Amino acid sequence: MADEIATGERYVELSPPAPRTTAGTVEVWEFFWYGDPLSYALDPAVRRWAGRQTGVTFVRVPAPFGGRWDAHARMHFALEALAHADSETMGAVYEAVQHRGQRLAEPEEQADFVAGLGVDRARYLAVLDSFGVQGQLASAKAQASRAGVQSVPAFLVNGKYRTDLKSAGGPTELMRVVDRLVATARER
């Protein structure tokens, strides 16, 4: 095929593969961070890509590399638990961090921010410290570690193939590599 990509050139094949959370579909995980300008810049292309997929389970995972990374991951998981991790809310978080200089690192600051988006402040704070959110954070840390994710944005396809912006050669190439890895996963 003309669009073949070689292992080690644009992606890494994991051995053993990282555990998957779904069966019967190709699973694609995107590791991102609200504080990363590259994740922010790629977000519209990722949304378009995800919207075109069929037979793909797409999971957005806030990379938990400590400090503000963990704070943003906990915020994301709390918003998911409250059914507010939609594209509008994620876009608002990106805008606040990327363009308005909000750190959104402290629970009270996050609660004030999400209340402005229509999220119940008290419920948010309760969920933020919940066992479920802590479990999701631990799971994301374990998955990122098993997959060898060291930077964002990065993608994990079927727990077996990992690529990132640098390996792929840029934003346009990254989505092309992810497309090819999805096709490869379907073939196997």
Using a 1.4 Å probe on the protein heavy atoms only, what accessible surface does L42 show? Give it in Å² to the nearest 10.
10 Å²
What spacing in nm lies between the two simple spin-label points modelled at S87 and A126, each 7 Å away from Cα in the Cβ direction?
3.2 nm
What is the chain's relative contact order, in percent, from Cα pairs under 8 angstrom and six or more apart in sequence?
36 percent
Computed E for D112/V59 - FRET, C-beta separation, R0 35 angstrom, nearest 0.05
0.80
Round to the nearest 10 and give me the degree value, 0 to 90, for the angle of helix 171-187's Cα axis relative to the longest principal axis of the chain.
60 degrees
Distances over 13 Å make up what percent of all Cα-Cα pairs in segment 79-143?
65 percent
Rg from C-alpha atoms of segment 77-188, normalised by the globular rule of thumb 2.2 N^0.38 Å, equals 1.28
For the chain, give the magnitude of the charge dipole about the Cα centre (Cβ charges: +1 Lys/Arg, -1 Asp/Glu; no others), in debye to the nearest 20.
400 debye
Most to least packed among 143-154, 19-30 [average Cβ atoms within 10 Å]:
143-154, 19-30
Would you kindly calculate the mean projected area, averaged across all directions, of the convex hull enclosing the Cα atoms of segment 1-72, in square nanometres?
6.9 nm²
Residue separation between A41 and Q150 times 0.36 nm, minus their alpha-carbon distance, gives in nm 37.4 nm
Dividing the helical contributions, -39500 (n - 2.57) per DSSP H run of n ≥ 4, by the residues of the chain yields a 222 nm value, nearest 500 deg cm²/dmol, of -16500 deg cm²/dmol
Expressed to one decimal in nm², the mean projection of the alpha carbon convex hull of the chain is 10.5 nm²
Taking 0.36 nm per residue of separation between T172 and R100 and subtracting their Cα-Cα distance, the length gained on full extension comes to 23.2 nm
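The values are calculated or read from the model by the stated rules, or taken from the named source; none is laboratory data. All of these numbers come straight from a predicted model, not from anything done at the bench. Cβ atoms come from the backbone with ideal geometry, glycine included; neighbour counts cover every protein chain shown. Keep in mind that these areas ignore ligands, DNA and RNA; they rest on the heavy atoms of the full protein, side chains included. Shrake-Rupley method; radii C 1.70, N 1.55, O 1.52, S 1.80 Å.
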